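What follows is a single structure, written as structure tokens, with notes after it.
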Amino acid sequence: MKNLLLMLAILFSGVIMAQDVKPTFEKQGDVIKGTFYHDNGEIRQQGFYNKEGKLQGEWKSYDNTGKKISMGQYQNGVKTGKWFFWENEKLSEVNYSDNTIASVTTWSNKSDVVVNYNDN
């Protein structure tokens with residue numbers, strides 16, 4: 001499970017595949033808002049870059065139907081705090097410390113059971 005979440009995190013960490021639909025960039029104060037699209041025109045990822053061009057603040061990822069599949073925070077290009085990943089009937093909360101997964105908690109709509117994966 002942890003490996004799957006790690007792969008999802010890498011996939012959505014700002015590495016964008018080549019696309020036919022061009023991304024858009026919009027200056028908003030001291031940051032640049034980037035929006036990347038699926039080939040069908042739906043938003044793939046949206047978030048901010050700081051002055052140094054590093055990922056900053058909240059980033060969200062969506063599937064090709066527009067459904068949110070991940071959300072989390074970057075601080076100067078480093079994943080930080082709680083990230084959330086939605087997959088089918090599951091919600092996974094991944095806590096990052098120093099850009100590394102510290103813990104994973106998974107909830108399922110099918111039960112009241114919480115599964116907590118910790119390295120500690």
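The values are calculated or read from the model by the stated rules, or taken from the named source; none is laboratory data. Given the structure is predicted, the values throughout are model-derived calculations rather than measurements. Don't worry about glycine lacking a Cβ; one is built from the backbone with ideal geometry, like all the others, and counts go over all protein chains shown. Quick note on the areas: whole protein, heavy atoms, side chains included, nothing else; ligands and nucleic acids left out. Shrake-Rupley method; radii C 1.70, N 1.55, O 1.52, S 1.80 Å.
Assorted remarks:
- Of the residues making up region 49-75, those that are over 21 Å from Thr106 (Cα atoms), open to solvent by less than 70 Å² (accessible area, probe 1.4 Å) and not in a strand (DSSP E or B) are Asn50, Gly53, Gly66.
- Matching residues, region 42-79, being among the β-branched types (Val, Ile, Thr) and in contact with a Ser or Thr (Cβ under 8 Å, 6 or more places away or on another chain): Ile43, Ile69
- Residue pairs meeting the criteria (Cβ under 9 Å; at least 6 apart or on separate chains; first more than 19 Å from Gly66 (Cα to Cα), in region 22-41; second open to solvent by 100 Å² or more (accessible area, probe 1.4 Å) and among the aromatic types (Phe, Trp, Tyr)): Ile32/Phe25
- Close pairs from region 85-102: first over 20 Å from Gln45 (Cβ atoms) and open to solvent by 40 Å² or more (accessible area, probe 1.4 Å), partner modelled with pLDDT under 95 and assigned to a strand (DSSP E or B), Cβ under 6 Å, at least 6 apart: Glu89/Ser108; Lys90/Thr106; Lys90/Ser108
- Residue match in region 26-47 (condition: under 15 Å from the mean Cα position of the chain (by Cα) and acidic (Asp, Glu)): no
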